[in-house]
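Notes for the one structure printed next.
The values are calculated or read from the model by the stated rules, or taken from the named source; none is laboratory data. Computed from a predicted structure; not experimentally measured. Reconstructed Cβ throughout: ideal geometry from the backbone, glycine too, with neighbour counts over all protein chains shown.
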Amino acid sequence: MTGHVFSEADQERVRSIFAELAGQLSGLGQPSAIVAGVTGIGSASSTTALFARILADAFQCLETSVLVVDDMWLGYRARFAPGEGIVVYAGTGSIGYHLTVGGEIMRAGGYGVLVDDGGAATWIATEALRFVLRREDEAPGSGWSTAIGRTLSEAVGGRSWDAARVYIYGGDRGSLGLLARAVGVADEAGDTEARRIFAGAGRELARLALALRGRVGLKPVALAGRAITLSPAIAQSFAASVAPPLLLADASPDVPAVAARLAVELAAKHGR
């Protein structure tokens with residue numbers, strides 16, 4: 001679920017999703033409280049209030065019993081207490097995140113694929129595509145014939161700009177990010193260009209950690225997200241750039257369980 005709700009059509013889509021979910025769960029009774037993590041929703045925004053209203057309407061509960069937060073807020077709380085550490089997350093997008101003791105959110109990056117998601121799956125994919133296509137500019141056929149070009153061509157359905165264009169611009173940021181898996185395949189086969197891209201991803205993610213450490217001090221950093229599993233070069237490059245303490249083997253804590261615990265606390269706060 002994304003917090004990028006900018007039109008009435010977007011709002012109707014969100015209402016429909018939650019109405020369907022409420023219908024599926026109706027046999028379990030009325031919730032006493034709801035805690036929802038939404039991607040890219042920000043803090044104290046009108047979108048947060050909109051999601052709270054939609055959830056309250058769908059599940060027939062009070063808005064005061066609904067807490068809507070950025071999904072990174074939940075991801076942070078699953079790893080650190082407020083003020084304790086820094087989370088650098090790399091999935092489809094990337095972000096550095098710190099939650100202060102007072103509840104203030106401090107972030108670095110996370111500006112989206114059109115501006116800056118350095119080190120994320122979309123960044124990895126576009127770096128690989130840029131390498132292949134620039135080689136094609138210089139000598140047609142030379143880009144797609146490289147190891148990384150071959151794995152990308154299999155993913156997009158052909159060795160041509162036409163095939164790549166349909167895949168890239170006919171899909172969404174998620175489908176673009178999936179191309180990072182093809183880069184991972186090339187890396188596993190020993191392709192030096194793929195390894196260079198993954199090492200660069202580690203440095204991009206390190207920049208987020210260092211930016212936040214410059215603001216909050218030498219706190220532990222957890223490197224998380226599915227993108228970092230694509231190649232060991234990401235964590236290696238990250239660790240070479242960021243001083244300890246580091247948590248590189250992220251255990252993917254149970255974020256839904258954290259949301260459930262917070263919902264129980266919210267319900268108790270309101271006497272339910």
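Side notes on the structure shown:
- Filter result for Arg130 (farther than 30 Å from Ala222 by Cα and in the same structural domain as Lys219 (by TED's automatic domain parsing)): no
- Among the candidates Ala211, Ala239, Ala224, Ala268, the residue that is within 30 Å of Pro31 (Cα to Cα) and either small (Gly, Ala, Ser) or in contact with a Phe, Trp or Tyr (Cβ under 6 Å, 6 or more places away or on another chain) (or both) is uniquely Ala268.
- If you check Ile86, Ile41, Ile95 for being modelled with pLDDT under 90, under 26 Å from Ala201 (Cβ atoms) and in contact with a helix residue (DSSP H, G or I) (Cβ under 7 Å, 6 or more places away or on another chain), only one passes: Ile41.
Every residue, every condition in (1) among the hydroxyl-bearing types (Ser, Thr, Tyr); (2) surrounded by fewer than 14 Cβ atoms within 10 Å (Cβ to Cβ); (3) modelled with pLDDT under 95; (4) within 15 Å of Gly96 (Cα to Cα), yes or no:
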position	(1), (2), (3), (4)
Pro220	no, no, no, yes
Ala240	no, yes, no, no
Leu246	no, no, yes, yes
Pro253	no, no, yes, no
Val258	no, no, yes, no
Leu262	no, no, yes, no
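- Applying the condition of being among the small types (Gly, Ala, Ser) and assigned to a helix (DSSP H, G or I) to the range 37-80 and asking which residue is farthest from Ala222 (Cα to Cα) yields Ala58.
- Top-ranked residue of the range 115-145 - restricted to ones that are of a type in the set (Val, Ile, Thr) and out of contact with any Phe, Trp or Tyr (no Cβ under 8 Å at 6 or more places or on another chain), ranked as farthest from Thr229 (Cα to Cα): Val115
- Taking the range 172-210 as the range and being more than 18 Å from Thr229 (Cβ to Cβ) and over 18 Å from the mean Cα position of the chain (by Cα) as the test, the residues that pass are Gly190, Thr192, Glu193, Arg196, Leu210.
- Selection count, the range 222-238, where residues are assigned to a helix (DSSP H, G or I) and either surrounded by 18 or more Cβ atoms within 10 Å (Cβ to Cβ) or of a type in the set (Lys, Arg) (or both): 8
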